[in-house]
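**Q** Shown below is the structure under consideration.
The values are calculated or read from the model by the stated rules, or taken from the named source; none is laboratory data. Every value quoted in this text rests on a predicted model; they were computed, and no experiment measured them. Heads up, the Cβs are rebuilt from the backbone with ideal geometry, glycines too, and the neighbour counts pull from every protein chain shown.
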Amino acid sequence: MNSVATPSFWDTLAYQLLVKTCVRRDRAWIRWWWWPLHKKCTARNRVVRTTIHNREVIVNFGYTYPFVARRYPTFNDPLLQLVAQVRRQRDRPIRFVDIGAAVGDTVLLVHSNCAEMVSEYVCVDGDHEFFAYLQANLNFLPSAKLILRQLARSEGREPSLVRIHSGTASAQGKELVAAAPLDQVLAEAGVGAVDLLKIDVDGFDGEVLAGAGNLLKRDRPAVIFECHPILCDRTGNDWGTAFAALRDSGYAMTAWFTKFGAFSHYCSLADEAAIAKMMEFCRKSSQEDWHYDVVALPEGEGWDWIELADSKFARNRRSPC
């Protein structure tokens, strides 16, 4: 296990206070609330204890997931709904692969709400600090396989991961580091057929999908990924890569959810003009850092797209963050 610093009592107290007060929405309060969070989170090795989905965990000060999940109750609905539908469709517990697993919050979410639906979690992350937290936070879960690896469309070297804020890392570094395609990484780890693939790697999602062609064609998993053209630009990647990889692997339809988890619209992967318009909207929107979570499902399996958009199961299963 990679070593992590001992959580600080005073930093933990401050972080917990911020978590408990983050749901207020008036602007004056938000300005006051954000200043200490931003001030503290710029320092490395500030480790705190908190609770995420009923589990005590350690995270870096300023880790943003607890704040976002508390302020926007619909934030996780698409993923929880997808887990339930894939489990029902496959008629057995599923293998869930989490790319960009960070501190393990996604696995804690799914385990808290859908434990009986998942047979194995496979978590991949390339950030060494996050991976240390991931190991510590999921050590209670024998069904979790953890892989420290940076991904790309093919084996080679890619820009290193750097913090673009305290809650995430993006491949925007100046140093080049070893990276490999997801197909290769999972094969080397002995991972079997994948049922659900979640990707959140801040502008690199398309490159991950481009390196997962064998997996997509062989296993036909449900896919949920972050479509963030602004971060694609900053990482030097083409936002169209994700959609091309899915089209080439036999996917045809997608459901789009806002960055807060609310259903937005359906879109055919063949409608490249409509997708391009949505990317233009993300770049030019007056709403800060606008992006979408996109769900793609393999053709011919009788998916209930209305149920996915409505997310009734997820609304009734949310565990507190």
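**Q** Here are some conditions: (1) surrounded by fewer than 21 Cβ atoms within 10 Å (Cβ to Cβ); (2) outside the structural domain of Glu129 (by TED's automatic domain parsing); (3) within 16 Å of Ala115 (Cβ to Cβ). Glu56 meets all but one. Which one does it not meet?
**A** That leaves (3) as the condition not met.
**Q** Same structure again: Since Leu37 meets every condition but one in (1) at pLDDT below 85; (2) of a type in the set (A, V, I, L, M, F, W, C); (3) out of contact with any helix residue (DSSP H, G or I) (no Cβ under 8 Å at 6 or more places or on another chain), which condition does it not meet?
**A** Leu37 satisfies all of (1) at pLDDT below 85; (2) of a type in the set (A, V, I, L, M, F, W, C); (3) out of contact with any helix residue (DSSP H, G or I) (no Cβ under 8 Å at 6 or more places or on another chain) except (3).
**Q** Give, as residue ranges, the helices (runs of 4 or more DSSP H) completely inside the range 99-188 that count at least 1 residues that are closer than 18 Å to Val83 by Cα and either in contact with a helix residue (DSSP H, G or I) (Cβ under 6 Å, 6 or more places away or on another chain) or at pLDDT 95 or above (or both). First the steps, then the outcome.
**A** Numbers: elements: 105-114, 128-137, 182-188.
Counting at least 1 such residues, we get 105-114.
**Q** Yes or no: Leu134 in contact (Cβ under 8 Å) with a residue 12 or more places away in the chain and closer than 21 Å to Arg318 by Cα?
**A** Details: in contact (Cβ under 8 Å) with a residue 12 or more places away in the chain: yes; closer than 21 Å to Arg318 by Cα: no.
Against the criterion (in contact (Cβ under 8 Å) with a residue 12 or more places away in the chain and closer than 21 Å to Arg318 by Cα), Leu134 does not qualify.
**Q** Quick check on my filter: what residues within the range 70-93 are under 27 Å from Ser119 (Cβ atoms) and touching a Pro at 6+ places or on another chain (Cβ under 9 Å)?
**A** Scanning the range 70-93 gives Val86, Arg87.
**Q** Among the residues that make up the range 66-82, is at least one of them touching an Asp or Glu at 6+ places or on another chain (Cβ under 7 Å) and at pLDDT 95 or above?
**A** yes
**Q** Here are Ala189, Ala179: which of them is buried (at least 23 other Cβ atoms within 10 Å of the Cβ) and over 15 Å from the mean Cα position of the chain (by Cα)? Lay out the reasoning, then the answer.
**A** Values: Ala189 fails: buried (at least 23 other Cβ atoms within 10 Å of the Cβ).
Just one listed residue meets the conditions, Ala179.
**Q** Moving on. Look through Glu280, Glu301 and report the one residue that is assigned by TED's automatic domain parsing to the domain that holds Asn76 and in contact with a helix residue (DSSP H, G or I) (Cβ under 8 Å, 6 or more places away or on another chain). Break it down stepwise before answering.
**A** Numbers: Glu280 fails: in contact with a helix residue (DSSP H, G or I) (Cβ under 8 Å, 6 or more places away or on another chain).
The unique qualifying residue is Glu301.
**Q** Output the qualifying pairs, or none if there are none: Cβ atoms under 7 angstrom, residues six or more apart or on different chains, first residue in the range 97-108 and assigned by TED's automatic domain parsing to the domain that holds Val47, second residue buried (at least 24 other Cβ atoms within 10 Å of the Cβ).
**A** Once the first residue is assigned by TED's automatic domain parsing to the domain that holds Val47 and sits in the range 97-108, no partner that is buried (at least 24 other Cβ atoms within 10 Å of the Cβ) comes close enough.
**Q** Output the residues belonging to the range 149-165 that are without any contact (Cβ under 8 Å) to a residue 40 or more places away in the chain, touching a Gly at 6+ places or on another chain (Cβ under 8 Å) and surrounded by fewer than 23 Cβ atoms within 10 Å (Cβ to Cβ).
**A** Once the filter is applied, which keeps residues that are without any contact (Cβ under 8 Å) to a residue 40 or more places away in the chain, touching a Gly at 6+ places or on another chain (Cβ under 8 Å) and surrounded by fewer than 23 Cβ atoms within 10 Å (Cβ to Cβ), the range 149-165 yields Arg149, Gln150, Ser160, Val162.
**Q** Return yes or no: is Gly261 exposed (fewer than 13 other Cβ atoms within 10 Å of the Cβ), assigned by TED's automatic domain parsing to the domain that holds Val208, touching a residue at least 40 places away in the same chain (Cβ under 8 Å) and not acidic (Asp, Glu)?
**A** Numbers: exposed (fewer than 13 other Cβ atoms within 10 Å of the Cβ): no; assigned by TED's automatic domain parsing to the domain that holds Val208: yes; touching a residue at least 40 places away in the same chain (Cβ under 8 Å): yes; not acidic (Asp, Glu): yes.
No, not satisfied.
**Q** One residue is enough: does the range 99-119 have a residue meeting the conditions at positive phi, crowded, with 23+ Cβ neighbours inside 10 Å and in contact with an Asp or Glu (Cβ under 7 Å, 6 or more places away or on another chain)? Outline the logic, then answer.
**A** Let us first name the residues in the range 99-119 that are at positive phi, namely 100, 102, 104.
Okay, now just the ones that are also crowded, with 23+ Cβ neighbours inside 10 Å, so 100, 102, 104.
With the extra rule that they be in contact with an Asp or Glu (Cβ under 7 Å, 6 or more places away or on another chain), the set shrinks to 100, 102.
Within the range 99-119, one or more residues are at positive phi, crowded, with 23+ Cβ neighbours inside 10 Å and in contact with an Asp or Glu (Cβ under 7 Å, 6 or more places away or on another chain).
**Q** Is one or more of the residues making up the range 219-229 among the basic types (Lys, Arg) and in a helix (DSSP H, G or I)?
**A** Kept after step one, since they are among the basic types (Lys, Arg), are these residues of the range 219-229: 220.
Narrowing further to those that are in a helix (DSSP H, G or I): none.
There is no residue in the range 219-229 that is among the basic types (Lys, Arg) and in a helix (DSSP H, G or I).
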